[in-house]
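**Q** Before anything else, here's the structure in question.
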């Protein structure tokens, strides 16, 4: 399968809601960080990508779209590999985004340590974007804003949708050229949802997303 939609937005910008929306619109299955935990080998594939040896065909086998990390780190490479794919940059207020990251995916001063595949992947694919300085307010927001500006600069306007999930179906469906569903836009992965999932994963000895 060939990717039809590439999400360039960082985690905690409504990416899980977008995943569900894309799948409802017929652009699924959609790859998201939650997919990483389905196979213990998957983090090693992303480590390979970070080392400059990606196997996109293997990583995205069976998927029509991708959002969130880890793929968002490689949006440029993916946009070149799949030149017909449309790109969606999910954004939100920087201060709200920072607060959300600190309460969920960046709760510690440093990325997870250890040599297990997931902590290594996190450090190389996500932590490296922030110089592993995940709790420094000004630095983290600066990385976020520079990334968003870079996406706008690199991706042709006709190929790019800058989008906030709070905008609902209309701009998304117009961009993708599909009808607007009669059902409400999906919403998922609030801080409360994230906390519940952490507890479930702790019981199952899995990392959170």
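Just so it is clear, none of the values below were taken in a lab; they were calculated from the coordinates. All values reported here derive from a predicted model rather than from experimental measurement. Note that each Cβ is placed from the backbone with ideal geometry, even for glycine, and that neighbours are counted across all protein chains shown.
**Q** What is the Cα coordinate range of the stretch 5-203 on the first, second and third principal axes, sorted by size from largest, in whole angstrom?
**A** Extents along the principal axes, in whole Å: 46, 36, 34.
**Q** What's the percent breakdown of Cα-Cα distances in the stretch 103-184 across 5 Å bins, shortest bin first?
**A** 3, 12, 15, 15, 13, 14, 14, 10, 4, 0
**Q** Helix 191-203 versus the longest principal axis of the chain: what is the Cα-based angle in degrees, 0 to 90, to the nearest 10?
**A** Once rounded, the angle reads 50 degrees.
**Q** Nearest 10 degrees is fine. How inclined is helix 15-24 to the longest principal axis of the chain, computing both from alpha carbons?
**A** On a 0 to 90 degree scale, this one is about 40.
**Q** At 7 Å along the Cα-to-beta-carbon direction for both residue 57 and residue 96, put a label point, then send me their distance in nm to one decimal.
**A** About 4.2 nm separates the two model spin labels.
**Q** Can you give the Rg to Rh ratio of the stretch 1-73, both from alpha-carbon atoms, with Rh computed by the Kirkwood formula?
**A** We get a ratio of 0.94 for the stretch 1-73.
**Q** Right, another one. Enter the Cα centre distance for the pair the stretch 86-123 and the stretch 1-38, rounded to the nearest angstrom.
**A** First find each Cα centre; the distance between them is then 16 Å.
**Q** For residue 76 and residue 41, calculate 0.36 nm times their separation in residues minus their Cα-Cα distance, and state this gained length in nm to one decimal.
**A** Using 0.36 nm per residue and subtracting the Cα-Cα distance, I get 10.2 nm.
**Q** Moving on to the next point. Taking the chain as the reference, fit the longest principal axis to its C-alpha atoms, fit the long axis of helix 137-154 to the helix C-alpha atoms, and give the angle between the two in degrees, 0 to 90, nearest 10.
**A** Helix 137-154 sits at roughly 30 degrees to that axis.
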